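Report on the structure given below.
The values are calculated or read from the model by the stated rules, or taken from the named source; none is laboratory data. Computed from a prediction, not measured in an experiment: that's the story for all the values here. Note that each Cβ is placed from the backbone with ideal geometry, even for glycine, and that neighbours are counted across all protein chains shown. Please note that ligands, DNA and RNA were not included when accessible areas were found on the heavy atoms of the full protein model with its side chains. Shrake-Rupley method; radii C 1.70, N 1.55, O 1.52, S 1.80 Å.
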Amino acid sequence: MLTLKAERLYRVKREDLPKLQELLTECFREDPLYNKLIPDDEIREKLLPHLFHSDLLEYFKECEIYADSKELNSVIVISDESEVYSAIHYYMTELAATIRTDSFLILEDPSLKTLHNFIVGKEYLNSKWTDELHNDKRLHVIYLASRPSMQHHGLSGHLLNEVIEYADREGLMVSLETHNDKNLPFYQHHGFEVFEVIDDHFDLTQYCLIRKCKTGEECLGEQHIREKVV
């Protein structure tokens, strides 16, 4: 099981769910992905808390969630793809999550336009591109977010550095995606490279990024550079 060890990190608990739900809603309210999937501002404002709540119920079971502190000004959600899992359990979990999500979409937008967007844009949501990596020795970063008022304080970099150092110790690749090209320099600075670009719908580009495992002096050198800049 993925366990990060750092004095400044806080392992998010189930009782933190309301605060985490609020944080993700604030951070992704203007995210390009959700703006394209839910273009109506009023519907998006109502839907996002429900969607994140539904996702987080599963993430607390299947993933590891860390924050900068108990205040939850920044958070990272990581899935350890190297862990053995039951295929039946995985698909049943996915089915339950889909049913919950679709129910929220229909409830808040009876016109079914938002549901249609989620169906058409599922490639942006399911991280299926990682199948092309053919690498289960991998961590996948599902969310990395900092509260808008706390951005540019090095919080996201600190969280990501801890994940990278763990991955290098364990010989794991790290994968993630972003829908904002302004985030690319940040990830490239941390050793990520673009593996694939998805731009099939909504005039929306998804950058699929990977960071290969570093070892020995190469790893120590990159860590030193990151610590100086972040």
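Which condition does TYR34 not pass, out of (1) touching a Phe, Trp or Tyr at 6+ places or on another chain (Cβ under 6 Å); (2) more than 22 Å from GLU162 (Cβ to Cβ); (3) at pLDDT below 95, if it passes all the others?
If we test TYR34 against (1) touching a Phe, Trp or Tyr at 6+ places or on another chain (Cβ under 6 Å); (2) more than 22 Å from GLU162 (Cβ to Cβ); (3) at pLDDT below 95, just (3) comes out false.
Any residue at all in segment 54-65 that's over 30 Å from HIS134 (Cβ atoms), more than 15 Å from the chain's Cα centre (by Cα) and at pLDDT below 95?
No, segment 54-65 contains no residue that is over 30 Å from HIS134 (Cβ atoms), more than 15 Å from the chain's Cα centre (by Cα) and at pLDDT below 95.
Within segment 20-49, which residues are open to solvent by 70 Å² or more (accessible area, probe 1.4 Å) and under 17 Å from the mean Cα position of the chain (by Cα)?
Residues satisfying the conditions are GLU22, ARG29, GLU30.
(1) of a type in the set (A, V, I, L, M); (2) assigned to a helix (DSSP H, G or I); (3) crowded, with 16+ Cβ neighbours inside 10 Å: which one isn't true of ILE210, the others all being true?
Exception for ILE210: condition (2).
Would you pick out the residues in segment 131-155 that are at pLDDT 95 or above and polar (S, T, N, Q)?
Listed by number, the list holds a single entry, SER146.
Residue-wise test of (1) among the basic types (Lys, Arg); (2) within 25 Å of THR205 (Cβ to Cβ); (3) open to solvent by 10 Å² or more (accessible area, probe 1.4 Å); (4) assigned to a helix (DSSP H, G or I).
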| site | (1), (2), (3), (4) |
| --- | --- |
| ASN135 | no, yes, yes, no |
| LEU144 | no, yes, yes, no |
| HIS158 | no, no, yes, yes |
| GLU165 | no, no, yes, yes |
| SER175 | no, yes, no, no |
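Please go through (1) surrounded by 19 or more Cβ atoms within 10 Å (Cβ to Cβ); (2) part of a helix (DSSP H, G or I) for LEU17 and return the number of the only condition it doesn't satisfy.
Failing condition for LEU17: (1).
Restricting to segment 177-200, and then to whatever is part of a helix (DSSP H, G or I) and within 16 Å of the chain's Cα centre (by Cα), can you tell me which residue is surrounded by the fewest Cβ atoms within 10 Å (Cβ to Cβ)?
ASP181
Output the number of residues of segment 146-156 satisfying the condition of being buried (at least 19 other Cβ atoms within 10 Å of the Cβ) and assigned to a helix (DSSP H, G or I).
Final tally of qualifying residues: 2.
Among the residues of segment 124-133, are any aromatic (Phe, Trp, Tyr), in contact with a His (Cβ under 8 Å, 6 or more places away or on another chain) and either open to solvent by 30 Å² or more (accessible area, probe 1.4 Å) or on the phi > 0 side of the Ramachandran plot (or both)?
no
Go through segment 101-123 and report how many residues are open to solvent by less than 40 Å² (accessible area, probe 1.4 Å) and of a type in the set (A, V, I, L, M, F, W, C).
The number of residues fulfilling the criteria is 3.
Out of (1) touching a Leu at 6+ places or on another chain (Cβ under 7 Å); (2) at pLDDT 95 or above, what's the single condition that is false for CYS213?
Going through (1) touching a Leu at 6+ places or on another chain (Cβ under 7 Å); (2) at pLDDT 95 or above one by one, CYS213 breaks only (2).
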